[in-house]
1. Using the alpha-carbon centroid of each, what span in Å lies between the range A:191-213 and the range A:313-361?
2. Where nothing but the Cβ of Lys and Arg (+1) and of Asp and Glu (-1) is charged, how large is the charge dipole of chain A around its Cα centre, in debye to the nearest 20?
3. Against the longest alpha carbon principal axis of chain A, how many degrees, from 0 to 90 and to the nearest 10, is the axis of helix A:431-443 turned?
4. Averaging over all projection directions, find the projected area of the Cα convex hull of the range A:89-183 and quote it in nm² with one decimal place.
5. Could you list A:445, A:49, A:5 so that the one with the fewest beta carbons within 10 Å of its beta carbon is first and the one with the most is last?
6. Between helix A:191-201 and chain A, what is the angle of the helix's C-alpha long axis to the longest principal axis, kept within 0 to 90° and rounded to the nearest 10?
7. Got a sec? Charge dipole of the range A:374-477, +1 on Cβ for Lys and Arg, -1 for Asp and Glu; which of A:443, A:405, A:460 is way out at the positive end?
8. Eigenvalues of the Cα gyration tensor times 5, then square-rooted: what semi-axes does that give for chain A, in whole angstrom, largest first?
Amino acid sequence: MSNIRTRFAPSPTGFMHIGNLRTALYAYLFAKKSKGQFILRIEDTDQERLVGDAVKAIYSTLKLANLQHDEGPDVGGPCGPYTQSERKDIYKKYANELLDTSHAYYCFCSKERLDSLVDETGNRRYDKHCRYLTREEIEQKLASGIPYVIRQSVPSEGVTAFSDLVYGEISIENRELHDNILLKSDGFPTYNFANVVDDHLMKITHVFRGMEYLSSTPNYNLLYEAFGWTIPLYVHLPHIMRDKRSKLSKRHGDANFEDFLEKGFLPEAILNYVALLGWNPKSEVEKFSLTELVDAFDVSGISKSSAVFDEVKLRWLNALYIKELPPQRFHSLAAPYYRAISTPVEVNLLSALIQTRISALSDIPDMVGFVDSFDGYSLEMFDSKDAKSSALLAKELLPDVIEALESLECWSNEALFGALERLAELRSIKKKQLLWIVRIAVTGRLSTPGGASEMCLLVGKELALERLRKSLSRLRAAQPVESE
RNA sequence: GGCCCAUUCGUCUAUCGGUUAGGACGUCAGAUUUUCAUUCUGAAAAGAGGAGUUCGACUCUCCUAUGGGCUACCA
């Protein structure tokens, strides 16, 4: 194959679905791997389903994902226009050609007649009524202005087979095929026609698309043959599922790229994760940058069965990406989440602490919640089997802690830790016991973005001492509970 | 209903006739530690079912079951 060209052809009907993103990714990877072109085409032939900003969402997603197209409506190219609604004349011309060669025919059937064709299972199958109209009848109906569509004329015998790069040999009996509508009465083509014309005209060599097109591909091949065009290679992709039963759906609210960004996932992580859904790199490597993906990608690694989207694993990958962010970069990503905090804290320190401890940016509010809300935490938190500490021990030790920290000259992590370490030694207890207590007493949280000394450092001397005292008085006020 | 496709641990997957069926996420259990978290080690965890073909099937064939897709003047 001399010059590989792939395309991503979304229809602007809403947000960018995560499954679409993966299709775009694979098409991009495949093209780039062989130094070919990746083309963006907007399939806006259904005027009723168009959504206002959907095209914008497509551009922004591709940009954020760093999937740069070589040709497209916004960047132009030799095969434009790249928006189907601007190509009506082209489809018309090719439809006429099909009409001339009897591979297509005018159909004047009304909606009512079509509806009367439903069978006992509730399905409708066009009976090819207009296929047998005489030339005179056609001329007459055309002349009297009856609305019409143009339908593909499929042979009623034989089989149409093709070889998919993922699914292998697929063959379907022609009698199962429908006389699809190619051109709608509003003059717009259907997907069934436009994709063939455009893929040919845009010199697409490999068609990447969802496996829902597997059974209509024979129709398209018949069209290519009717035109005498070369049939592209097909790469049909398995679906990404929400669970075993249902596809990931826009309806569910969390299946599009924007939503994941909002949840605090990094584009690189999402892309990396999605690449692995339904494709295996034939190695144990799981973390890939975009360029590494280009290098590693191979259609032979694409699987045939659908894959369930697992946000838990995405979180794991995302955590990896977050950890390796330059500190300044992480801080600027995290900063918006700090706006809600009213207690003054050293945010740079906060960032440094949480960067290694979160899997998504949206974990931040939970993680830093203790900064503003402290009162009323459960004193049972002092009881830890693991740290061998208890509320009783806390009540006993806190006065000493307060005293030791009050007199601390230098409020640094080293000084704090040293002081607490000495105190533990003095009271001959394990430092882990003490540190557990101090950490809880200062934060009121079981899980914190750092250890005891770091938490003291973060909230500052004044607030740390205030909280230690508060915790102590709460412990003193509490009725001693009999050990159960 | 018809046609097409799929089916390995909970999830993503490896295996392309001969393996103790491997890895990753998650889970659980230990260990380590400048405290939380990390890290490390270990464990539990799978070939939908049934017939064939074969010396031998997760791998090939067929049937069944289950799931998905298509069956629109949607893509």
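1. If we compute the Cα centre of each part, the gap is 43 Å.
2. Working: 59 positive and 66 negative charges, 73 e Å.
The calculated dipole for chain A is roughly 360 debye.
3. Roughly 70 degrees, rounded to the nearest 10.
4. On the way: hull surface 33.5 nm².
So the Cα hull casts an average projection of 8.4 nm².
5. On the way: A:445 19, A:49 12, A:5 22.
If I rank by nearby Cβ atoms, fewest first, I get A:49, A:445, A:5.
6. Around 90 degrees separate the two axes.
7. Of A:443, A:405, A:460, it is A:443.
8. Values: eigenvalues 870, 97, 76 Å².
Working through the eigenvalues yields semi-axes of 66, 22, 20 Å.
Quick note: the coordinates plus some simple rules give every number you see, no bench work behind them. Keep in mind it's a predicted model, so treat the numbers as computed, not measured. Note: ideal-geometry Cβ built from the backbone for every residue, glycine included; neighbour counts use all protein chains shown.
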